[in-house]
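Values in this text are rule-based calculations from the coordinates and carry no lab data. Nothing here was measured: the structure is a model prediction, and the numbers come from that model. Note that we place each Cβ from the backbone using ideal geometry, even for glycine, and neighbour counts take in every protein chain shown.
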Amino acid sequence: MTDGSPLPRPQIDVTSWSDAGSRDALDLVASSVAEMVGFEIAIISVVRGEQMFAVSVEGSNDATTAMLGLTTPVAMVLPELDRADDWGRFRFVPHERLALDVRTHGWVPDLTPIDAPDAWHPLDLLIAPLYDQADAMIGLLSIDVPMSQRRPGPTQRDLLQRYAVQAERALRMAVDRDELAERIRLAEAARRVVRFATSQDDLESVLDDCRHPLLEGFRADFLAIRTYPTEGLPEAGSPPSDLPPDVKETIRASSRSAWTAQRVIIVGEQLTPDPEIGDAAYEASEAARVAVGLGTTMLVPLGAGHESLGHVILGRKDPNQHWSPDEQAGALDIARDIGQAVVNSRNLIRGQELVTELRRLATYKSQVLSTVSHELKNPLSAVMGYVEMLDADPSIIGDARRSIDALDRAARRMGRVVDDLLLLSEVEDPEGAKPTEPMDAVPVLLDALELTRVAAARRDLTLEVSAPEGEVMVCCDVTDLDRVLTNLVSNAVKYSPKGSTISLSLVQHLGEVELAVADQGIGISAADQERLFTEFFRSTNPQAVAQPGTGLGLTICRRIVERHGGRIEVESELGKGSTFRVFLPSPP
Ligand code: ADP
């Protein structure tokens with residue numbers, strides 16, 4: 001028979017605790033103690049945080065239904081132990097000394113005491129606290145309703161001692177296994193968060209991928225995950241919350257201090273407010289808990305380094321399923337991993353924004369370049385046409401002819417600058433990039449060599465070429481590669497003394513191809529090499545300045561090579577010569 005009390009009896013589902021084998025072992029101890037010592041009821045309870053609950057009940061069906069999973073605050077039981085008579089491992093509290101409300105927190109047998117000085121009273125309490133190796137209380141063995149209807153005598157007490165030892169051993173194992181299972185669950189959740197969430201780029205996907213591992217790992221019924229807005233990035237996460245703004249703000253503020261203190265904030269129907277949290281934080285967390293209809297919640301701050309980034313709220317419907325210390329520590333660990341993933345994804349977003357902005361600027365720059373050069377080209381053509389007309393007039397002589405010659409030189413020079421500017425605007429335009437395709441570099445190299453022959457012969461230069469037999473495939477575009485090589489070879493010719501040698505070579509390396517143009521010319525100083533590939537740079541060397549040039553050729557070469565995934569390098573010594581090397585990726 002139940003005690004018939006109208007008060008709600010907080011009971012939890014014990015099958016979620018430890019494993020079936022360990023619970024069977026406890027059932028066996030409970031039934032043995034009852035049978036062998038002669039009691040109707042034996043109950044083994046386990047301590048979980050501030051509560052304890054009955055995991056094993058031997059007795060009538062009514063007693064089992066009423067007691068299994070019944071939770072009792074540990075704080076209510078401890079004073080009884082102090083009041084009790086010391087029977088070795090057991091403690092006996094005669095009914096007249098009992099303060100515990102057994103109607104809510106226990107079982108009152110339907111029993112009329114016999115008329116004897118040692119008669120058992122329905123409210124007598126006989127319990128043995130059970131401890132772990134570190135002497136912390138992990139549970140209780142309680143027995144009730146002796147068959148003899150009398151309080152146990154010396155022989156029975158002896159026997160009880162032995163069963164208390166057995167119950168303690170079985171409970172220690174079950175607790176260990178429960179803790180182990182919990183750690184495995186949490187480690188698995190952490191592993192999944194690290195594996196999936198941290199491999200995502202997009203913030204919402206990072207947070208989404210945390211949901212399952214967290215819900216499963218923490219056996220939670222509810223999960224809210226949220227990052228706070230920062231430096232132009234909006235808040236992210238789900239589910240949307242309709243809490244009043246001031247409550248939301250208080251939760252965020254509490255989460256920030258919780259991150260600094262590296263702790264979680266737990267609230268629950270059955271829990272007394274944690275004095276360290278502060279009233280406002282407690283009330284806001286409680287409001288959030290009640291709003292989503294949960295029994296208990298754990299607010300876990302998300303962060304990285306000193307920065308608090310957001311929070312996770314884990315919730316359980318059952319107010320008696322408390323968050324264990326391992327779960328609290330595990331949640332903070334996982335929050336650090338999520339925080340790192342949030343930081344990575346934010347950096348990526350910012351990086352992408354920066355790239356977009358730079359691309360926009362590059363497009364703008366090339367548009368300006370292109371417009372200016374086109375605008376210059378037309379009047380320049382007119383100038384050149386008139387110069388040509390005047391040049392053809394034989395009546396113009398003396399100073400006037402010299403002026404026309406100077407005009408002609410200046411117009412040609414301007415023409416070269418305009419052409420190079422147009423080319424630069426073309427290769428700098430991110431929108432106009434030519435597709436990178438596998439192509440044979442050998443014919444392009446030989447073409448560049450052919451084109452140079454006349455200019456080289458004029459300066460008595462020897463041209464050498466070395467390339468492997470057959471095709472050498474590179475990833476580039478034919479016109480682009482041609483431009484680069486023509487530029488490098490014509491520079492080599494331009495800046496070489498008469499009678500010297502220019503060597504072109506093509507070498508296949510692992511994953512890339514090297515095209516080199518080497519000369520024995522004037523060379524480039526170390527200081528000049530630093531700025532060689534920047535727009536309009538011309539060497540400070542008077543020998544170099546004496547040659548016509550715009551200072552744009554190498555910039556164009558570098559842009560072209562880089563946009564095909566390659567690089568350009570120079571090795572040079574003043575007065576000895578220079579070698580320009582272009583590396584381009586080979587097709588996979
Ligand atoms: P340009 O030759 O039209 O001036 P470039 O961009 O091709 O423009 O070259 C920039 C500068 O680098 C040149 O002005 C020259 O001073 C130096 N330079 C380029 N190639 C060589 C070379 N092979 N030997 C010596 N100096 C060179």
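Between amide H atoms placed 1.01 Å from N, distances below 5 Å from Val472 occur with Ala441, Val442, all of them 5 or more places distant or on a separate chain. Using Cβ point charges alone (K and R +1, D and E -1), the dipole size of the chain about the Cα centre works out to roughly 1760 debye.
For a test of the definition: using alpha carbon positions, the gyration tensor, and the 1.5 limit on a/c, classify region 425-552 as rounded, prolate or oblate. Intermediate results must be reported in sequence, preceding the final value.
Working: a/c = 1.89, a/b = 1.22, b/c = 1.55.
Because a/c hits 1.5 or more and a/b fails to exceed b/c, region 425-552 counts as oblate.
If each DSSP helix of 4+ residues adds -39,500 (n - 2.57) and the sum is divided by the residues in the chain, what number results at 222 nm, nearest 500 deg cm²/dmol? Intermediate values should be presented prior to the final figure.
Details: 15 runs with 280 residues, N = 588.
-16000 deg cm²/dmol, from helical runs alone.
Centroid-to-centroid, using Cα positions, region 96-134 and region 372-442 are 109 Å apart. Applying the Karplus relation 6.51 cos²θ - 1.76 cosθ + 1.60 with θ = phi - 60° to region 80-85 yields 3J(HN,Hα) values of 5, 5, 5, 7, 6, 6 Hz, where x marks Gly and Pro.
Determine the gain in length on full extension of the stretch Met389-Met76; use 0.36 nm per residue of separation and subtract their C-alpha separation, reporting nm with one decimal.
Numbers: separation 313, 0.36 × 313 = 112.68 nm, distance 11.38 nm.
Extending this stretch completely gives an extra 101.3 nm.
A simple spin-label model places the labels of Glu231 and Asp405 6.2 nm from each other, with each point 7 Å out along Cα-to-Cβ.
With both labels modelled 7 Å from their Cα along Cα-to-Cβ, the Glu571 to Arg350 distance reads 4.0 nm.
First check a/c for region 499-588, with a ≥ b ≥ c the square roots of the eigenvalues of its C-alpha gyration tensor; if it is under 1.5, answer rounded, and if not, answer prolate when a/b is larger than b/c or oblate otherwise.
Details: a/c = 2.44, a/b = 1.50, b/c = 1.63.
Since a/c reaches 1.5 but b/c is at least a/b, the shape of region 499-588 is classed as oblate.
Packing order of peptides 553-563, 168-178, highest average first: 553-563, 168-178 (average count of other Cβ atoms within 10 Å over each peptide's residues).
Over the chain, what is the mean sequence separation of C-alpha contacts under 8 Å (at least six apart), divided by residue count, expressed as relative contact order in percent? Don't skip to the end; give the middle numbers.
Details: 994 pairs, mean separation 50.4, N = 588.
Reported as a whole number, the value is 9 percent.
By per-residue mean of other Cβ atoms within 10 Å, what is the highest-first order of 148-155, 68-75?
Values: 148-155: 14.1, 68-75: 18.5.
Order by mean packing, descending: 68-75, 148-155.
With unit charges on the beta carbons (Lys and Arg positive, Asp and Glu negative) and the dipole taken about the Cα centre of the chain, which residue among Ala392, Ala128, Ala187 sits farthest to the positive side? Farthest along the dipole direction, towards plus: Ala392. Averaging the Cα positions of each part gives two centres, and for region 315-364 and region 182-240 these lie 8 Å apart.
With a ≥ b ≥ c the root eigenvalues of the C-alpha gyration tensor of region 1-156, is it rounded (a/c under 1.5), prolate (a/b larger than b/c) or oblate? Could the numbers behind the result be given before it?
Values: a/c = 1.35, a/b = 1.28, b/c = 1.05.
In terms of gyration-tensor shape, rounded.
Charge tally around Arg567: other residues with Cβ under 15 Å, Lys/Arg +1 each, Asp/Glu -1 each, net -2.
Taking amide H as placed 1.01 Å from N in the peptide plane, the amide H of Asp221 sits under 5 Å from that of Gly315, Arg316, Lys317, each at least 5 places away or on another chain.
Across the options Met173, Pro497, Ile404, the greatest Cα extent toward the positive end of the charge dipole of the chain (unit charges at beta carbon of Lys, Arg, Asp, Glu) belongs to Ile404. With 0.36 nm allotted per residue and the present C-alpha distance subtracted, the Ala20-Gln149 stretch has 43.1 nm of extension available. Across region 209-251, C-alpha contacts under 8 Å between residues 6 or more apart give a mean separation that, scaled by the residue count, equals a relative contact order of 22 percent. At a threshold of 8 angstrom on Cα-Cα distance, excluding pairs fewer than six apart, so keeping six or more, what relative contact order does region 463-521 reach in percent? Relative contact order here is 42 percent.
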